[in-house]
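A quick write-up on the structure given underneath.
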Amino acid sequence: MIIQESMLVQSQREIAHNIFEMKLQGKLVQEIQAPGQFIHIRVSEAFDMLLRRPISIASIDQESDEITIIYRAEGDGTRSLSKRNEGDRVDVLGPLGNGFPIAETKAGEVAYLIGGGIGVPPLYELSKQLTAKGVTCVHILGFQSENVVFYEEEFKALGETYIVTVDGTIGTEGFVTTVMENLSEQFATYYSCGPQPMLKAVQEMYANKKGYLSFEERMGCGVGACFACVCKTTERAEANYIKVCSDGPVFPAGVIAI
Amino acid sequence: MIIQESMLVQSQREIAHNIFEMKLQGKLVQEIQAPGQFIHIRVSEAFDMLLRRPISIASIDQESDEITIIYRAEGDGTRSLSKRNEGDRVDVLGPLGNGFPIAETKAGEVAYLIGGGIGVPPLYELSKQLTAKGVTCVHILGFQSENVVFYEEEFKALGETYIVTVDGTIGTEGFVTTVMENLSEQFATYYSCGPQPMLKAVQEMYANKKGYLSFEERMGCGVGACFACVCKTTERAEANYIKVCSDGPVFPAGVIAI
Amino acid sequence: MNRLSVELPGLQLKNPIMPASGCFGFGQEYGKMYDLSLLGAIMIKATTLEPRLGNPTPRVAETPSGMLNAIGLQNPGLTGVMENELPWLEQFDVPIIANVAGTETADYVEVAKVISTAPNVHALELNISCPNVKEGGITFGTDPLIAEELTAAVKAVSKVPVYVKLSPNVTDVKEIALAVERGGADGITMINTLLGMRLDEKTGKPIIANVTGGLSGPAVKPVALKMIYEVSQIVNVPIIGMGGIMNAQDVIDFLSAGASAVAVGTANFVNPFVCPTIIEELPAKLDELGVEHISELVGRSYRS
Amino acid sequence: MNRLSVELPGLQLKNPIMPASGCFGFGQEYGKMYDLSLLGAIMIKATTLEPRLGNPTPRVAETPSGMLNAIGLQNPGLTGVMENELPWLEQFDVPIIANVAGTETADYVEVAKVISTAPNVHALELNISCPNVKEGGITFGTDPLIAEELTAAVKAVSKVPVYVKLSPNVTDVKEIALAVERGGADGITMINTLLGMRLDEKTGKPIIANVTGGLSGPAVKPVALKMIYEVSQIVNVPIIGMGGIMNAQDVIDFLSAGASAVAVGTANFVNPFVCPTIIEELPAKLDELGVEHISELVGRSYRS
Ligand SMILES: Cc1cc2nc3c(=O)[nH]c(=O)nc-3n(C[C@H](O)[C@H](O)[C@H](O)COP(=O)(O)OP(=O)(O)OC[C@H]3O[C@@H](n4cnc5c(N)ncnc54)[C@H](O)[C@@H]3O)c2cc1C
Ligand SMILES: Cc1cc2nc3c(=O)[nH]c(=O)nc-3n(C[C@H](O)[C@H](O)[C@H](O)COP(=O)(O)OP(=O)(O)OC[C@H]3O[C@@H](n4cnc5c(N)ncnc54)[C@H](O)[C@@H]3O)c2cc1C
Ligand SMILES: Cc1cc2nc3c(=O)[nH]c(=O)nc-3n(C[C@H](O)[C@H](O)[C@H](O)COP(=O)(O)O)c2cc1C
Ligand SMILES: Cc1cc2nc3c(=O)[nH]c(=O)nc-3n(C[C@H](O)[C@H](O)[C@H](O)COP(=O)(O)O)c2cc1C
Ligand code: FES
Ligand code: FES
């Protein structure tokens, strides 16, 4: 069930340049169904910044009712969010959307988790859950530059991890596809989240593989009511658009026209 | 000189029901010329509440660069201001306007200081300065009810003080005029600040006395540029309005048409 | 006695609060969050004769105390709405106001004829003010004669009262209001969105793919109040007011300005529970104002 | 090279930033706070033939991300401005744009004729869009023919270029823009305020004594950008843009939308140093955008 809750900030810290990790506690944590779901955050009580900001759930701890989000403080809203401190409250709507299907990879199989920039966070909880189930996760994580890389150690603790940066300041120089070209295609499923051009490249490279992609679109309501966040599907050109917020944000590869 | 400054909140406390006393520190304190001047406060960094709020200077401590303001948290802006804590910063423009003329009462003379509700604060600094100079101050302070009375002790420490409340819960029951009717007219000057009906009654009762009244009007700029805060003068019906913010807020009795 | 009940042509409202068209879909999403029977009514998303895809994305952008949208009337079309959406809504004890849009008069008439037969549709809201479609929409709402004729044509076929939704993007909204009243409108709803734009800070290009969008939210509230204040004093039909309502105080303001009921749009995105919250808070507001029944507030800004 | 210089009819601007009319008086107050020679230009408060008292108070009210005003063109009249205000401003190295208002054409013409002879008045701004006076003002700005004729009449007598200030309270601002261009306008300034209203929470009565007021501030920025975007693509004269500018980024947005320079109004009340602050911040903004001269940004929202 979707609930609206004033969640408690447990901690907030800058984990890379302008990248913040925030832990939030509240009972909506019990409602989360799958990694890849997101929350919709009201960044200010004032009317200045009226719309909520969609942010993926990066890690879930149902025992302590806690989630972690990781976000880039870029625009006005996320910058304001980055100023909250431990003990503050944040107005959160969630959990929203449909996450990554864990069931699509069996224990013993290999999954590739391919993330770009601020698309990396939801892959962390995904990897935790897949690994726990006995899936071997390989992480291919692309960033702009060394100063915005985060969670390298955390991913390494779960499985093989390739870091790639556009400027080569750390890891391989290039894009996630640069790494992918040199990796075996011996895997069962891929899961990806990141900028649309990356998703497109990944989907093309693994065209005959089973894959799941998480999309971004500007949102109004976040719950499926306003038709703001639609994407065109590949199937029928004149069909209804599909909604990222409530039909997605994760779709099987091939569903969305990119 | 008028300056804009991010002043430091030294303290904030609720001194009566919804009435707050805030101490602010900064270098604009050195610019203050007279009691009755006011500051123009930006209550929020957000655009929600765009206009500054005019608040009188209630007390000045030039040695520690500190001023005290006393305000009622009534609307959105003052309510938001009442949530600032020690150590926070407040965007202040000031000092603004022309205050009460101290020079108009000589040492040894008697002055009546007549205040109503949230018009009381500027009279406190006025009384301090007059008393210091050797003027005998008599304070007649009207409030709605006991729970919104403030600074009774502070005024008593400076001179004779009459408290009057509309509901009679403390002091005399009635209006400041109820007290004034029973007081001698043996005084040199009166100074008054409060709601317009009160100013009108005071001015009428002391029609042949030298007096100074402080007025309120909704403001835009606070510095005399926008013509928002005008009052009609008694002199020439077709003359220019006079500006409360820069020509006032204190005017000699008889200048403003009330 | 229900202190919040309001009676309008075709509508027995438990309370004067309803979600605004386009901000509540066809109710399914919010229906999972609270009981829709709590609402005074529901204004459903615009319905057109054929299904519509709407505009390319991005379709929304934030602005100071407001937002822009250019959804472009995406909807499943008349048949979809009649077969899937309206029947689902029948489980709730709440009157539906069907927002009707089209490209030409014949479309409006056809949609109105059919949709007004749905058992839970108690009124129509003629959308002659959508700023986000190239044809139809606002073009019907800026010319008094066209607005009057369209209203009359729809009135002639509708089985339920017809409300006409006015655009604020006109020189004189009074003129359009009088025209639709002459055309036989049973009520007026206002305001639809103001036209606006936001640019990307880096590229300088419009953020909304459709270039311009409709401005809604608290930013437009002063404009809405002013237009309702003026129109309610010259027409003899009731007004459902909207434009920036966020809380119970805003509702009081709209009624004071002359609206008989109100719709809440953008605020649903900020707080999905805003409508039931407002409904819950209204009685205390009436107490504060010393008012027994909410309708006593209507038009008090100009009544002595 | 001065990266911020802008050349417009009659105006050699050091930078494209000027205070908007009515938000800066005649400069005396802000002149005590900083050196007015820093400014690109100054748009002084509307001048009418006779002194005006303006409207009763309250004249201002706050709204979400905006404010309403109904000053009603209070000013010392043509003689007062010519004798006291303009000579005082001569000490600064800054061109003055004189905002001209009136009740009938003859007033406008008379004021324009005289005020355009002042040595520091480099351009006129014809105010055909003041929403706060009963006669004149906005009535000239909503009818294309009247707007064209007034522009032509003023052009005929003015010794300096004439800019016409447009109202956003019209169905089609393009039509009015083209009309004043036909009338001979050398430039356009836009937008004046939108009409709006705020009610007292307790009494339900209008807060502004004049009932309605003009809405300005960040709330109206999307409306201003959209109108400038449209008008700048169809006229051949430059636009001075305004409406909600608070900072350097807003200036970039207005230029991107098609304005050649901008005016800052309401923001002066929020931060009296806003104009010099913006001027100081602009070069860094240009660096960020990789732009050598500010004029390269003009119209980039639609230029490829
Ligand atoms: C399903 C989903 C999950 C996301 N998860 C994350 C995450 O885990 N970490 C993270 O850093 N970012 C994530 N994003 C992107 C994040 O929502 C935007 O970066 C953020 O909304 C920008 O807000 P702002 O206040 O910084 O920018 P502003 O420019 O102030 O935002 C203005 C408006 O535009 C919207 N907007 C601006 N950029 C984007 C964008 N790229 N995508 C969607 N809306 C945008 C904002 O939500 C807001 O409504 C996610 C987006 C979606 C759709
Ligand atoms: C020269 C002067 C000195 C003042 N000194 C004091 C003081 O020492 N202590 C104190 O409590 N109050 C004082 N006031 C009144 C104080 O300015 C208002 O109570 C305050 O602005 C209300 O703001 P708000 O956020 O509570 O209300 P809101 O309703 O949120 O205010 C909205 C807008 O209306 C204006 N406004 C509302 N009420 C008034 C009012 N009565 N007078 C002027 N503007 C108003 C606000 O400034 C703001 O622009 C003074 C007013 C003036 C003109
Ligand atoms: C995302 C969105 C979609 C809208 N779609 C419609 C629509 O389909 N039909 C219509 O008449 N109005 C539509 N509107 C306008 C609203 O119904 C309402 O008139 C306007 O938003 C002002 O109210 P608000 O400020 O409370 O949102 C839409 C508004 C928004 C924000
Ligand atoms: C208090 C006030 C007074 C104004 N007076 C005038 C005026 O005399 N003449 C005029 O053309 N515009 C006047 N305006 C309109 C502004 O010049 C400007 O067009 C408008 O406020 C939009 O800009 P802003 O949002 O930056 O304030 C006034 C605006 C305000 C807020
Ligand atoms: S954001 Fe409203 S439908 Fe997706
Ligand atoms: S508030 Fe602007 S002139 Fe007084």
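With the contact rule set at Cα under 8 Å and sequence spacing of 6 or more, what percent relative contact order holds for chain B? It would help to have the intermediate numbers written out before the result.
On the way: 614 pairs, mean separation 44.5, N = 258.
17 percent.
Give me the one-decimal nm value for the distance between modelled label points at B:Asn147 and A:Glu146, 7 Å along each residue's Cα-to-Cβ direction.
6.3 nm
Of all GluC sites (Glu not before Pro) in the stretch D:135-207, which ones are in loop regions per DSSP and have a Cβ with at most 16 other Cβ atoms within 10 Å?
Numbers: sites: D:Glu135, D:Glu148, D:Glu149, D:Glu175, D:Glu181, D:Glu201; in loops: D:Glu135, D:Glu201.
Loop-located and lightly packed - D:Glu135, D:Glu201.
With a cut-off of 8 Å between alpha carbons and a minimum separation of six or more residues, what is the relative contact order of the stretch D:240-304 in percent? Let's see the in-between values first.
On the way: 76 pairs, mean separation 26.1, N = 65.
With pairs under 8 Å counted, the relative contact order is 40 percent.
Applying 1/(1 + (r/R0)^6) with R0 = 30 Å to the Cβ-Cβ distance of C:Thr203 and A:Ser184, what FRET efficiency is obtained, to the nearest 0.05? Walk me through the numbers on the way to the answer.
Values: r = 40 Å, r/R0 = 1.33.
E between C:Thr203 and A:Ser184, to the nearest 0.05, is 0.15.
To the nearest 0.05, what FRET efficiency results for A:Lys27 and C:Ala284 with a Förster distance of 41 Å applied to their C-beta separation?
Values: r = 27 Å, r/R0 = 0.67.
In this case the efficiency is close to 0.90.
With just the Cα atoms defining each centre, how far is the stretch A:220-235 from the stretch B:137-195? Give it in Å.
The distance from the Cα centre of the stretch A:220-235 to that of the stretch B:137-195 comes to 65 Å.
Relative to the present Cα-Cα distance, how much length would full extension add between C:Glu296 and C:Glu7 at 0.36 nm per residue of separation?
Details: separation 289, 0.36 × 289 = 104.04 nm, distance 1.30 nm.
My answer for the length gained is 102.7 nm.
Within straight cross-link reach of A:Lys128, meaning Cα distance under 19 Å, which aspartates and glutamates are found once same-chain residues fewer than 8 apart are removed?
The qualifying aspartates and glutamates are A:Glu21, A:Glu31, A:Asp61, A:Glu63, A:Asp65, A:Glu66, A:Glu104, A:Glu109, A:Glu152, A:Glu153, A:Glu154, A:Glu160.
Can you tell me what share of the DSSP beta bridges in chain C is antiparallel? A percent to the nearest 5 is fine. Walk me through the intermediate numbers first.
Working: 15 of 39 bridges.
If I count the DSSP bridges inside chain C, around 40 percent turn out antiparallel.
Modelled label-to-label distance, B:Ile15 and D:Asp35, 7 Å Cα→beta-carbon offset: nm?
Each label point is offset 7 Å from its Cα along the Cβ direction, giving 4.3 nm.
Name the residues whose placed amide hydrogens come within less than 5 Å of the amide hydrogen of B:Phe215, ignoring near sequence neighbours (fewer than 5 apart) on the same chain.
B:Val250, B:Phe251
Using bins 5 angstrom wide from zero, how does P(r) for the stretch B:101-258 break down, in % of all Cα pairs?
2, 9, 19, 20, 20, 14, 10, 5, 1, 0
Mind listing which GluC sites (Glu not before Pro) in the stretch B:114-202 are in a DSSP loop and have 12 or fewer other Cβ atoms within 10 Å?
B:Glu185
Give the relative contact order (percent, whole number) for chain C; include only Cα pairs under 8 Å separated by 6+ residues. Let's see the in-between values first.
Working: 727 pairs, mean separation 57.8, N = 304.
Result for chain C is 19 percent.
Compute the label-point distances linking A:Gln30 to its equivalents in the other copies; points lie 7 Å from Cα along Cα→Cβ; give nm, one decimal, shortest first.
Result, one decimal in nm: 6.1.
Which trypsin sites (Lys or Arg not before Pro) in the stretch B:157-258 sit in a loop by DSSP (not H, G, I, E or B) and have at most 16 other Cβ atoms within 10 Å of their own Cβ? Intermediate values should be presented prior to the final figure.
Values: sites: B:Lys200, B:Lys209, B:Lys210, B:Arg218, B:Lys232, B:Arg236, B:Lys243; in loops: B:Lys209, B:Arg218, B:Lys232, B:Arg236.
Loop-located and lightly packed - B:Lys209, B:Arg236.
Evaluate the distance, in nm, between pseudo-label points positioned 7 Å from the Cα of C:Arg303 and of B:Ala257 along their respective Cα→Cβ axes.
3.3 nm
For label points placed 7 Å from Cα toward Cβ, what is the shortest-first list of nm distances from A:Gly75 to its copies?
3.0
If you build a Gaussian network model of chain D, linking Cα atoms that sit under 10 Å apart, which residue out of D:Gly31, D:Gly102, D:Gly40 swings the most?
D:Gly31
Give the nm distances, rounded to one decimal, from C:Glu201 to the matching residue in every other copy, measuring between label points 7 Å along Cα toward the beta carbon; shortest first.
Label-point distances to the other copies, shortest first: 3.2 nm.
Considering the convex hull of the alpha carbon atoms of the protein assembly as shown, report its projected area averaged over all viewing directions, in nm², one decimal. Intermediate results must be reported in sequence, preceding the final value.
Numbers: hull surface 183.3 nm².
That works out to 45.8 nm².
If you find the alpha carbon centre of the stretch C:15-74 and of the stretch D:242-304, how far apart are they in angstrom?
Going from one Cα centre to the other spans 35 Å.
If you take each beta carbon of peptide D:29-39 and count the beta carbons of other chains within 10 angstrom, what is the mean? Intermediate results must be reported in sequence, preceding the final value.
Values: counts 10, 5, 1, 4, 6, 0, 0, 0, 0, 0, 0.
Average per residue, whole number: 2.
How high is the FRET efficiency from C:Glu90 to A:Met205, r the C-beta distance, R0 56 Å, rounded to 0.05? Mind dumping the intermediate values first?
Details: r = 49 Å, r/R0 = 0.88.
Between C:Glu90 and A:Met205 the formula returns 0.70.
Using DSSP, restrict attention to beta bridges with both residues in the stretch B:55-213 and report what percent are antiparallel, rounded to the nearest 5. Please list the in-between numbers first.
Values: 3 of 27 bridges.
The answer is about 10 percent antiparallel.
Roughly what % of DSSP beta bridges within the protein assembly as shown run antiparallel, to the nearest 5?
50 percent
Could you pull out the pairs from C:Lys14/C:Lys155; C:Lys113/C:Lys155; C:Lys285/D:Lys221; B:Lys243/C:Lys221; B:Lys27/D:Lys32; D:Lys113/D:Lys165 whose alpha carbons sit more than 21 Å apart here? Write out the running numbers ahead of the final one.
Details: C:Lys14/C:Lys155 26 Å; C:Lys113/C:Lys155 9 Å; C:Lys285/D:Lys221 33 Å; B:Lys243/C:Lys221 30 Å; B:Lys27/D:Lys32 18 Å; D:Lys113/D:Lys165 18 Å.
In this structure, C:Lys14/C:Lys155; C:Lys285/D:Lys221; B:Lys243/C:Lys221 lie more than 21 Å apart at Cα.
What net charge is computed for the residues neighbouring C:Val60, neighbours being all others with C-beta under 12 Å from the C-beta of C:Val60, Lys and Arg scored +1, Asp and Glu -1? Intermediate values should be presented prior to the final figure.
Details: positive: A:Arg52, A:Arg218, C:Arg59, C:Arg198; negative: A:Glu217, C:Glu62.
Once positives and negatives cancel, what remains is +2.
If you place +1 on the Cβ of every Lys and Arg and -1 on the Cβ of every Asp and Glu, how big does the dipole about the Cα centre of the protein assembly as shown come out, in debye to the nearest 20?
Details: 86 positive and 130 negative charges, 192 e Å.
Using only the charged Cβ atoms, the result is roughly 920 debye.
Please order A:Asp247, A:Asp48, D:Asp93 by the number of other Cβ within 10 Å, starting at the fewest.
Working: A:Asp247 21, A:Asp48 25, D:Asp93 12.
Sorted ascending by nearby Cβ count, the order is D:Asp93, A:Asp247, A:Asp48.
Find the chain B residue whose Cβ sits closest to the rotation axis that carries B onto A, and give that distance in whole Å.
B:Ala46, 2
Reachable aspartates and glutamates from C:Lys226, Cα under 17 Å, same-chain residues fewer than 8 places away excluded?
Reachable aspartates and glutamates: C:Asp172, C:Glu175, C:Asp250, C:Asp253, D:Glu62, D:Asp200, D:Glu201.
For a quick check: sort D:Cys23, A:Cys193 by the number of other beta carbons within 10 angstrom, fewest at the front.
Details: D:Cys23 23, A:Cys193 29.
Ranked by crowding around the Cβ, least crowded first: D:Cys23, A:Cys193.
None of the figures in this text is laboratory data; all of them are computed from the coordinates on show. Values in this document were obtained by computation on a predicted structure and should not be read as measured data. Here the Cβ is made from the backbone with ideal geometry for all residues, glycine too, and neighbour counts use every protein chain on show.
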